[in-house]
Each structure stands twice: as structure tokens, then as C-alpha cells.
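Here the structure comes first, spelled out in C-alpha cells, and everything after it is commentary.
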Amino acid sequence: MSGTGEGEWRRTKKMKNKREEMNGMTNKNFMTAQDVADALGVSKSYAYKLVRQLNDEMEALGYITVRGRVDANYFRKKVCYSE
């Protein structure tokens, strides 16, 4: 590669890495049923039941929820991982 092309390639690669890093950060705000199953050591079907239950509780509190995902902080609070 030429000097100019290599610099452009590095900038593009850096931007792609930053975008992937940001996507990972936003995904950590929510947990999927698989994440819940892994964290608690339960089956995936039971994890889905827990996700629904937690989302129902959050809706009752006035929060908007995403089907199949639960807020990670709320999950930790309810299963006594944090206060």
C-alpha cells in the first residue's frame, strides 16, 4: 500500500473498531434470555419466564420495555447482585 492509502485504511479500521465498541456498550444495558440463563444457571425457557416477569414489573412502574430483553441493572437489583 502507498503511504496515503495506508493512512486512510487505518482511519477506516479505527472508526470500525470504535463503532463495534459502541455497539457492545449499548448491548450491555440489556440482557437477553440467554444472558439470564447463563447468569443464573437455569434453562433458557425459565429465563424467558423471568424476563417476562421482570418486564411486567418494569411496565407497572411506568418503564418502556423491550420484549425478550431485560434491563441489566434491574435484573441485578432483583436477583441481589447489587443494591
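Read-outs: derived from the displayed coordinates by stated rules, not from any lab. Since the structure is predicted, the reported quantities are computational estimates derived from the model, not experimental observations. Cβ sites come from the backbone with ideal geometry, for glycine too, and all protein chains shown count toward neighbours.
Within region 71-83, the residues that satisfy the criterion of being among the aromatic types (F, W, Y) and surrounded by 13 or more Cβ atoms within 10 Å (Cβ to Cβ) are Y74, F75. Scanning region 29-46 for residues that are farther than 13 Å from A72 by Cα and hydroxyl-bearing (S, T, Y) returns S43, S45, Y46. Within region 59-70, the set of residues being in contact with a strand residue (DSSP E or B) (Cβ under 7 Å, 6 or more places away or on another chain) and either surrounded by fewer than 16 Cβ atoms within 10 Å (Cβ to Cβ) or of a type in the set (V, I, T) (or both) comprises V66, G68, V70.
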